[in-house]
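Structure record follows, encoded as structure tokens.
The values are calculated or read from the model by the stated rules, or taken from the named source; none is laboratory data. These numbers were taken from a predicted model, which means no experiment stands behind them. No Cβ is skipped: glycine too gets one built from the backbone with ideal geometry, and neighbour counts run over all protein chains shown. Protein only, heavy atoms only, side chains kept; ligands, DNA and RNA dropped before computing areas. Shrake-Rupley method; radii C 1.70, N 1.55, O 1.52, S 1.80 Å.
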Amino acid sequence: MTPSDRIATGLLTRADGFAQLITAEGERRADPDLDRWVADIDTEALGGLYRDMSVLRRIDSEGIALQRQGEVGLWPPLLGQEAAQVGSARALRSDDFVFGSYREHGVAWVRGIDPADVLRVWRGAASSGWNPYDYGMAVPQIIIGAQSLHATGWAMGARWDGSDAAAVAYFGDGATSEGDVNEALVFAASFEAPVVFFCQNNGWAISEPVGLQSKQPLAQRADGFGVPGIRVDGNDVLAVLAATRVALDRARRGGGPTFIEAVTYRMGPHTTADDPKRYRTDDELADWRARDPISRVGALLAASGIDLEDLEREVEVEASRAAGALRASIATMTDPEPMSVFDHVYAEPHSHLDRQREQYARYLAQFDDGESAGTEGGVR
């Protein structure tokens, strides 16, 4: 049994319920199972992870502000989940493929996708903000859990092609109750697909607490499908990086799928259309704020002897530059032509779609200028 097999087959258990390398107070915790998987992460590399998470938080904050100002139709914040996304994404190779949900802005950032292209989708200026094959990442999936099947299919194909690349499916705790995720686990286990199921358990499926849909840790659910599960502190970027490397190593060696439950917390609303104050308490929020993923890395860096204030100044400049570029990108985004909604739906001509196109064209013709009402000024 390889080290990755041993860890991923359930031997990774901790008294507090998950694997952890950096405590909430910023102290480095030794771990005989995981330390070797992050032996290359020195102070400089840890500073890079700190930089990623800090810039990402600023970009996310700018996305919320743009929505509140009417420039974006909707925005799903990721505040509090930076470590889960950055840590896992930094474990990937360029030939791996990501299938995310609608909140993986951080993964997109690590994959090299311009935040403006993410924003473009939520503004409604494009059906697809980027070419998935240019970055090894599919565009946001809105249907809850559907991407888990897409990732499994891609992984099965990669294995049949003789590649050791892996797929990663990102989803939230709520998606584990969807049929698509369960079906994907069946297929992945049956065909030993090189796929990592990465569940960001952020505590709430919109307004429903995770305890309502699962009476045991979500990672244990995978065991029923014959898929090993790893439960990790999702606010610990180093532990997430290690756990994802374990799962990817297992996939590349032909060991099959692994389920990672990253225990984290959604500090903001589910989307900007949600009001979390209606279903959770201030005390709960304060408890999780004390486990902030960025501040704990900052504390560890400060303890290592680096000039944290100097690093923070550099990060602030970079974050402000990224946020400014995101805001400036709004001016370059043009609304798509109304009839373009029918483009690229089917590869071949389709009579039903043709009828819909004709009906919509007649509808648009009712307006004096022959164009869709309300398309001026950006968001519709």
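As a summary of the residue check, Met339 satisfies the conditions (1) in contact with a helix residue (DSSP H, G or I) (Cβ under 8 Å, 6 or more places away or on another chain); (2) modelled with pLDDT of 95 or more; (3) farther than 21 Å from Met53 by Cβ; (4) not in a loop (DSSP other than H, G, I, E, B) except for the one numbered (2). Of all residues in the range 258-286, those that are farther than 30 Å from Thr152 by Cβ have Cβ atoms under 9 Å from Cβ atoms of residues that are aromatic (Phe, Trp, Tyr), 6 or more apart or on another chain, in Met267/Trp288; Thr272/Trp75; Pro276/Trp204; Tyr279/Trp204; Arg280/Trp204; Glu284/Tyr265; Leu285/Tyr265. So, Asp33, is that one within 15 Å of Ile22 (Cα to Cα), open to solvent by less than 50 Å² (accessible area, probe 1.4 Å), of a type outside the set (A, V, I, L, M, F, W, C) and touching a helix residue (DSSP H, G or I) at 6+ places or on another chain (Cβ under 9 Å) or not? Criteria met by Asp33.
Per-residue answers, yes or no, for (1) surrounded by 13 or more Cβ atoms within 10 Å (Cβ to Cβ); (2) out of contact with any Lys or Arg (no Cβ under 9 Å at 6 or more places or on another chain):
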{"position": "Gly305", "(1), (2)": "no, yes"}
{"position": "Leu311", "(1), (2)": "yes, no"}
{"position": "Ala322", "(1), (2)": "yes, no"}
{"position": "Pro336", "(1), (2)": "yes, yes"}
{"position": "Ala347", "(1), (2)": "no, yes"}
{"position": "Leu353", "(1), (2)": "no, yes"}
{"position": "Arg362", "(1), (2)": "no, yes"}
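Out of Glu44, Glu71, Glu62, one residue alone is without any contact (Cβ under 8 Å) to a residue 60 or more places away in the chain and either of a type in the set (Asp, Glu) or in contact with a strand residue (DSSP E or B) (Cβ under 9 Å, 6 or more places away or on another chain) (or both). It is Glu44. Among the residues making up the range 174-197, a single one is in contact (Cβ under 8 Å) with a residue 60 or more places away in the chain, surrounded by 24 or more Cβ atoms within 10 Å (Cβ to Cβ) and either under 19 Å from Met267 (Cβ atoms) or of a type outside the set (A, V, I, L, M, F, W, C) (or both): Pro194.
With a requirement of 3 or more residues that are at pLDDT 95 or above and open to solvent by less than 50 Å² (accessible area, probe 1.4 Å), the helices (runs of 4 or more DSSP H) lying completely within the range 208-287 that satisfy it span 237-252. Note on the range 81-147: enclosed helices (runs of 4 or more DSSP H) holding 2 or more residues that are in contact with a helix residue (DSSP H, G or I) (Cβ under 8 Å, 6 or more places away or on another chain) and within 19 Å of Ala323 (Cβ to Cβ) are 82-89, 105-110, 115-123. Within the range 288-303, restricting attention to residues that are assigned to a loop (DSSP other than H, G, I, E, B) and surrounded by 13 or more Cβ atoms within 10 Å (Cβ to Cβ), the residue that is nearest to the chain's Cα centre (by Cα) is Asp292.
Taking the numbered list (1) more than 12 Å from Val232 (Cβ to Cβ); (2) modelled with pLDDT of 95 or more in turn, Leu11 passes all entries but (2).
Residues in the range 77-108 that are more than 10 Å from the chain's Cα centre (by Cα) and more than 15 Å from Val168 (Cα to Cα) were compared, and the one that is surrounded by the most Cβ atoms within 10 Å (Cβ to Cβ) is Ala83.
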